[in-house]
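Asks: Take a look at the following structure, please.
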């Protein structure tokens, strides 16, 4: 699994989130991508996704660090489903370090040049069904 190009791409995107480089983060998304902000709330398109990440960062007091756990990539043609553990580390308003693990699902599309871009970003994965 460690050799899959999507692992490297996701690591780069996670680094952009952690560094609050939201302009750089947008290069990982399709123009019509959807981000699950929380159950029932979606950001659609790069402008909304960028604003959502700014709000998410502020929610975590600009301390959010994102990292990866286990990952599986299932490809079909020019589409890939990524199922993975996403670790969210932050410091809360009381200065206490927190760490949350989500079982995320992502959908990527590969364009004609071979570049993978995220079309659906769902860090909650199937936990959305519990809402």
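The values are calculated or read from the model by the stated rules, or taken from the named source; none is laboratory data. Note that the structure is predicted; figures quoted are calculated from it, not measured. FYI the Cβ positions are ideal-geometry reconstructions off the backbone, even for glycines, and counts take in every protein chain you see.
Asks: Do any residues in the stretch 13-29 that are free of Cβ contacts under 8 Å to residues at least 12 places away in the same chain have Cβ atoms under 6 Å from those of residues that are assigned to a helix (DSSP H, G or I), where the two are at least six apart or on different chains, and which pairs are they?
Replies: Note: pairs meeting the criteria are 24/16.
Asks: Look at residue 87 and say whether it is surrounded by 12 or more Cβ atoms within 10 Å (Cβ to Cβ), under 19 Å from residue 3 (Cα atoms) and touching a strand residue (DSSP E or B) at 6+ places or on another chain (Cβ under 7 Å).
Replies: Details: surrounded by 12 or more Cβ atoms within 10 Å (Cβ to Cβ): yes; under 19 Å from residue 3 (Cα atoms): no; touching a strand residue (DSSP E or B) at 6+ places or on another chain (Cβ under 7 Å): yes.
Answer is no for this residue.
Asks: If you scan the stretch 1-17, which residues turn out to be crowded, with 16+ Cβ neighbours inside 10 Å, more than 19 Å from residue 79 (Cβ to Cβ) and in contact with a strand residue (DSSP E or B) (Cβ under 8 Å, 6 or more places away or on another chain)?
Replies: The answer is 14, 17.
Asks: Then there's this: State which residue pairs qualify: first residue at negative phi and crowded, with 16+ Cβ neighbours inside 10 Å and inside the stretch 35-60, second residue at pLDDT below 95 and in a helix (DSSP H, G or I) in any location, beta carbons under 8 Å apart, and separation of 6 or more residues or different chains.
Replies: Pairs found: 36/128.
Asks: Right, next: Name the residue, out of 104, 90, 80, 97, that is closer than 26 Å to residue 58 by Cα and touching a residue at least 24 places away in the same chain (Cβ under 8 Å).
Replies: Details: 104 fails: touching a residue at least 24 places away in the same chain (Cβ under 8 Å); 80 fails: closer than 26 Å to residue 58 by Cα; 97 fails: touching a residue at least 24 places away in the same chain (Cβ under 8 Å).
Result: 90 is the single residue among 104, 90, 80, 97 that is closer than 26 Å to residue 58 by Cα and touching a residue at least 24 places away in the same chain (Cβ under 8 Å).
Asks: Can residue 107 be described as in contact with a strand residue (DSSP E or B) (Cβ under 9 Å, 6 or more places away or on another chain), modelled with pLDDT of 95 or more and surrounded by 18 or more Cβ atoms within 10 Å (Cβ to Cβ)? Spell out how you get there, then give the answer.
Replies: Working: in contact with a strand residue (DSSP E or B) (Cβ under 9 Å, 6 or more places away or on another chain): yes; modelled with pLDDT of 95 or more: yes; surrounded by 18 or more Cβ atoms within 10 Å (Cβ to Cβ): no.
Considered against the rule, which asks whether it is in contact with a strand residue (DSSP E or B) (Cβ under 9 Å, 6 or more places away or on another chain), modelled with pLDDT of 95 or more and surrounded by 18 or more Cβ atoms within 10 Å (Cβ to Cβ), residue 107 comes out as no.
Asks: Report yes if residue 14 is at pLDDT 95 or above and within 11 Å of the chain's Cα centre (by Cα), otherwise no.
Replies: Numbers: at pLDDT 95 or above: yes; within 11 Å of the chain's Cα centre (by Cα): yes.
Spelling it out, residue 14 is indeed at pLDDT 95 or above and within 11 Å of the chain's Cα centre (by Cα).
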